[in-house]
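Just below is one structure, and these are the notes that go with it.
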Amino acid sequence: MPSTTPALSLPSAGAPFEAIALERRDLRDDDILIDIAYAGICHSDIHTGRDEWGAAHYPLTPGHEIAGTVAAVGSAVTRHQVGDRVGVGCLVDSCGECESCKDAQEMFCTKPAVGTYNAQGYDGEWTAGGYARQVVVSERFVVRIPEALGLDEAAPLLCAGITTYSPLKRWGAGPGRTVAVVGVGGLGHMGVKIAAAMGAEVTSMSRSDAKKDEAAAMGATHHIATGDAAAMKAARRSFDLILNTVSADLAMDDYLRLLKPNGVLCNVGLPVEPLSVTPFGLIGGNKVLTGSNIGGIAETQEMLDFCAEHALGATIETIDASDPGAVDAAWDRVVAGDVRYRCVIDTATIPG
Ligand code: NAP
Ligand code: ZN
């Protein structure tokens with residue numbers, strides 16, 4: 001008999017959250033039962049839950065920034081023990097055998113990889129995410145949260161942390177390199193912190209100066225209000241790397257102009273509309289326009305260890321979900337760009 005756990009669920013697009021008893025599968029040999037302590041609210045939860053990307057499957061329990069402790073383990077589990085502090089990010093399964101899985105890039109599994117929520121597992125069951133008190137996940141997709149990080153500040157690292165760490169590392173953020181992070185939200189504020197800890201000279205870019213001082217405290221030594229045309233003009237040819245974390249459409253040409261020759265503009269934001277870019281904006285300076293999708297499991301562990309070493313927890317607001325409407329309200333605040341800088345649900349407050 002599968003057990004149930006209190007969870008928050010969307011019955012349909014546009015409906016408010018309701019508290020439900022969510023079924024979790026019995027532990028398989030390689031499974032871990034996690035008592036979730038905190039679940040971060042990622043903007044992807046909102047794109048999905050409001051069916052902005054299409055293909056949402058209801059009822060839907062979002063959440064792919066999960067931090068908690070191991071409550072039970074299957075008979076063949078070797079990587080974690082009861083009581084361990086652990087996390088789960090955006091993936092809960094992959095084939096383990098294709099070229100991408102063998103290359104530690106499980107997100108590109110050809111089978112394909114199974115998302116933590118709104119995805120069909122290989123058993124045909126729909127996955128349900130971390131807005132819940134418990135989750136069952138194969139040990140291959142469970143990472144260790146270092147003691148130096150609180151579970152609340154660690155939860156957002158499971159998506160916002162890895163999604164910024166991976167491209168910053170890949171494209172060489174480090175000493176002597178100038179990096180701009182566009183959008184100081186959940187991903188963006190971690191991008192600023194991580195790029196600064198990697199040793200890069202970091203510029204935060206936001207719609208206004210409202211987040212300037214806090215971004216400076218996170219490690220940004222310069223700030224640009226993107227609505228300030230003169231400041232945008234003055235910043236032309238300044239950056240080796242721009243990481244765009246904005247959840248809405250941006251004119252790529254405006255940002256390509258800010259790159260030095262051979263510079264890289266990496267998109268991680270996922271608005272619905274196609275990006276538009278003029279070919280001249282790319283060839284003048286051999287610019288690279290690219291994207292990045294979360295990161296593999298081994299790199300997620302590496303990122304958590306890096307964040308622990310540099311004391312880089314997320315800057316969070318904790319959401320009490322005893323009234324599920326508080327999570328709907330938090331979603332509205334995320335969309336308004338009002339959160340400083342990531343909401344995490346205290347899952348113990350979920351009714352049930
Ligand atoms: P978030 O917390 O809402 O942050 C997005 C930031 O974008 C806001 O804080 C705001 O920054 C800026 N922004 C919002 N609306 C804007 C607008 N209309 N014009 C200009 N700037 C605007 O979201 P998030 O959780 O960081 O996620 C950001 C995006 O990344 C989402 O689209 C999400 O789906 C995507 N994502 C991608 C991956 C991946 O693997 N590639 C993983 C996770 C998330 P300012 O207030 O500073 O201007
Ligand atoms: Zn996410």
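Please indicate, with yes or no, whether at least one residue in segment 200-207 is surrounded by fewer than 21 Cβ atoms within 10 Å (Cβ to Cβ), modelled with pLDDT of 95 or more and closer than 19 Å to Ile294 by Cα.
Among the residues of segment 200-207, not one is surrounded by fewer than 21 Cβ atoms within 10 Å (Cβ to Cβ), modelled with pLDDT of 95 or more and closer than 19 Å to Ile294 by Cα, which makes the answer no.
Counting just the residues of segment 124-140 that are under 17 Å from Ala155 (Cα atoms) and β-branched (Val, Ile, Thr), which one comes out surrounded by the most Cβ atoms within 10 Å (Cβ to Cβ)?
Val135
So, in segment 13-59, exactly how many residues are more than 16 Å from the chain's Cα centre (by Cα), within 16 Å of ligand 1 (Cβ to nearest atom) and under 25 Å from Thr78 (Cα atoms)?
Matching residues across segment 13-59 total 0.
Among residues belonging to segment 309-352 that are in contact with a Ser or Thr (Cβ under 6 Å, 6 or more places away or on another chain) and hydroxyl-bearing (Ser, Thr, Tyr), point out the one that is farthest from ligand 2 (Cβ to nearest atom).
Per the stated criteria, the residue is Ser322.
Residues of segment 159-184 being away from ligand 2 (no atom under 11 Å from the Cβ) and assigned to a loop (DSSP other than H, G, I, E, B), which ones?
Across segment 159-184, the qualifying residues are Trp171, Gly172, Ala173, Gly174, Pro175, Gly176, Arg177, Gly183, Val184.
Among the numbered conditions (1) within 16 Å of ligand 2 (Cβ to nearest atom); (2) surrounded by fewer than 24 Cβ atoms within 10 Å (Cβ to Cβ), tell me where Gly121 comes up short.
Failing condition for Gly121: (1).
Let's see how each residue does on (1) out of contact with any strand residue (DSSP E or B) (no Cβ under 9 Å at 6 or more places or on another chain); (2) hydrophobic (A, V, I, L, M, F, W, C):
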position	(1), (2)
Val73	no, yes
Ser94	no, no
Cys159	no, yes
Ser166	yes, no
Ala173	no, yes
Gly188	no, no
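So which residues in segment 290-332 are surrounded by 15 or more Cβ atoms within 10 Å (Cβ to Cβ), within 18 Å of Ser100 (Cβ to Cβ) and either among the acidic types (Asp, Glu) or away from ligand 1 (no atom under 16 Å from the Cβ) (or both)?
Of everything in segment 290-332, those that are surrounded by 15 or more Cβ atoms within 10 Å (Cβ to Cβ), within 18 Å of Ser100 (Cβ to Cβ) and either among the acidic types (Asp, Glu) or away from ligand 1 (no atom under 16 Å from the Cβ) (or both) turn out to be Glu299, Gln301, Glu302.
Look at segment 185-203 and say how many of its residues are within 16 Å of ligand 2 (Cβ to nearest atom) and touching an Asp or Glu at 6+ places or on another chain (Cβ under 9 Å).
Residues meeting the conditions: 2.
Only one of Leu243, Leu270 is surrounded by fewer than 20 Cβ atoms within 10 Å (Cβ to Cβ) and closer than 23 Å to Leu158 by Cβ. Can you tell me which?
Leu270
For segment 247-329, which fully contained helices (runs of 4 or more DSSP H) count at least 1 residues that are under 16 Å from the mean Cα position of the chain (by Cα)? Working first, answer last.
Working: elements: 252-256, 279-283, 297-309.
Result: 297-309.
Is it true that Asp209 is in a helix (DSSP H, G or I), away from ligand 2 (no atom under 16 Å from the Cβ) and charged (D, E, K, R)? Before the answer, list the steps.
Numbers: in a helix (DSSP H, G or I): no; away from ligand 2 (no atom under 16 Å from the Cβ): yes; charged (D, E, K, R): yes.
When the stated conditions are applied, Asp209 does not pass them.
The values are calculated or read from the model by the stated rules, or taken from the named source; none is laboratory data. Just so it is clear, the model here is predicted, and its values are computed rather than measured. Every residue, glycine among them, receives a Cβ derived from its backbone with ideal geometry; neighbour counts consider all protein chains shown.
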